[in-house]
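Contents: one structure, followed by commentary.
We did not get these values from a lab; they are worked out from the coordinates using the rules stated. A quick note: this is a predicted structure, and the numbers were derived from the prediction, not measured. Please note: Cβ atoms are built from the backbone with ideal geometry, for glycine as well, and neighbour counts cover all protein chains shown.
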Amino acid sequence: MSLVAVNIGRRRFQASPDHLAKAGYFARLFESEGVPLTHTIDRDPTNFGPLLVYMRKSRFAVDVSELDGASKLQLFEDIMFYDIEGLKNLIEEDIVVERKKDEEAEKTRLVREKILADLCAEDTKPFEGPTTMDAGGEGCYLCGLTSHAERDCRFNPSNANMGNGA
């Protein structure tokens, strides 16, 4: 069986036509032009090695959850470009999981902010001056609200009104 040389961004890969044809890009190429001895693609070659391993072994060795956002996006674009069906679902699932994590974090932040605002409602006084959280900023270091300083916060142990509802 002859191998096809695939040149991607000045890197050369070799694979059998059968393995390459698992990607829709190459399947369409082989159907329209036959199997070439060499083929050149003007793309970043970074992800093609792991993608080629997947085409050979149906196993993807990259832990997508450990990639940063830019790398994940580049990988997703490469999977879409080469039209590798089995990996599209993997990336889409990871994107859904990341969005759910972001949504949960935002919900948690909003709930925390609401609870702290309710707990500190009686202590809201105009704040003047720096805090220990940020020497030049405004807000309470203890609960994170900007409506009062830590000296006036219910969570301040030195505050005589702490936790008694007064």
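Computed from label points 7 Å out along Cα-Cβ, the spacing between Lys57 and Met80 is 2.8 nm. The range 1-27 and the range 53-78 have their alpha-carbon centroids 18 Å apart. Across the cross-link table entries Lys57/Lys100; Lys57/Lys88; Lys22/Lys101; Lys72/Lys107, which are compared at the Cα atoms, the separations over 23 Å belong to Lys57/Lys100; Lys22/Lys101; Lys72/Lys107.
Its alpha carbons considered, the range 17-89 gives a radius of gyration followed by a Dmax of 12.5, 38 Å. What is the calculated FRET efficiency for Tyr25 to Leu3, with r their C-beta to C-beta distance and R₀ = 22 Å, to the nearest 0.05? That gives a FRET efficiency of 0.80. What the Cβ-Cβ distance of Glu104 and Leu73 gives, at R0 = 25 Å and to the nearest 0.05, is a FRET efficiency of 0.70.
Each Lys and Arg adds +1 at its Cβ and each Asp and Glu adds -1 at its Cβ; summed about the Cα centre, the range 1-46 shows a dipole of about 180 debye.
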